[in-house]
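Derivation of every value follows stated rules applied to the coordinates shown; laboratory data play no part. Remember, predicted model here, so these are calculated numbers, not experimental data. Quick reminder, even Gly has a Cβ in these numbers, built from the backbone with ideal geometry, and neighbours come from all protein chains shown.
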Amino acid sequence: MSLKSLKLFKFLAISVMFLSFFPTLSLAEKESNVLESQHFSFSIHSQNDVDLNQILRDFQVANLSDSYASGQSSDPKVILTEGMDEIVKNLTQILGLQISDFHTNIKIFDTQKDLDKELKGIFGVNEGEKAFFYNDEIGFFYHENNTIYLSLDNVTLGVLAHEVAHALISQYFVVPPPRQTQEILAGYAEFSLKKIANNSAGKYPLK
Ligand SMILES: [Zn+2]
């Protein structure tokens with residue numbers, strides 16, 4: 001072993017020792033923010049700690065969860081996962097897409113103002129200016145980083161379904177359809193999904 005490789009060995013040994021303190025922490029944190037079912041997964045990121053109860057209320061997905069409807073579970077993670085699963089299943093049927101391994105990120109901001117600031121930061125638009133492709137959106141899907149942007153102020157089941165539809169369309173089409181066509185598809189998917197949710201358990205009136 002040369003001096004150089006001894007130094008490298010020492011560096012690696014220290015790195016391994018250092019890293020071994022952290023994996024459990026980061027994995028545990030990651031795990032609590034990921035909703036996973038058999039075919040789909042969502043990573044949820046929030047400005048503060050992810051509050052699944054609040055997200056469940058604001059997403060209005062409880063109507064779609066069997067565990068909630070039957071009173072089998074009151075665990076927000078279970079209800080949220082089942083609700084999101086139903087959203088994806090229904091949207092793929094409504095849009096006629098064959099997707100079995102879907103993943104997208106969801107970034108949730110406390111207020112619409114925070115959301116605007118983030119989107120304007122991404123697209124390099126100054127305060128007061130408007131970007132040509134978005135206009136104070138209450139939800140936004142950015143295909144470059146496969147992320148849905150929402151605010152707790154304004155998210156509803158309809159907004160969520162609309163953005164998940166955009167994410168599905170983005171994942172399904174190798175060559176994306178024209179922007180207007182995508183909007184028509186996402187609008188149709190949102191409308192159809194709200195109808196399905198309104199006809200289910202009905203304990204959470206939909207906005
Ligand atoms: Zn849209």
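Taking label points 7 Å from Cα along the Cα-to-Cβ direction, Ser74 and Glu118 give a separation of 3.0 nm. Modelled spin labels at Glu36 and Asn198, positioned 7 Å past Cα toward Cβ, are 3.7 nm from each other.
By how many nm would the segment from Glu144 to Phe191 grow when fully extended, if each residue of separation counts as 0.36 nm and the alpha-carbon distance is taken off?
Contour length minus the Cα-Cα distance gives 14.3 nm.
Look at where the Cα atoms of region 50-65 and of region 175-201 average out, and the two centres are 20 Å apart.
Restricting the calculation to Cα atoms, region 33-198 shows an Rg/Rh of 0.95 when the hydrodynamic-style radius is the Kirkwood one. Counting Lys and Arg as +1 and Asp and Glu as -1 over every other residue whose Cβ lies under 13 Å from the Cβ of Asp110, the net charge comes to -4.
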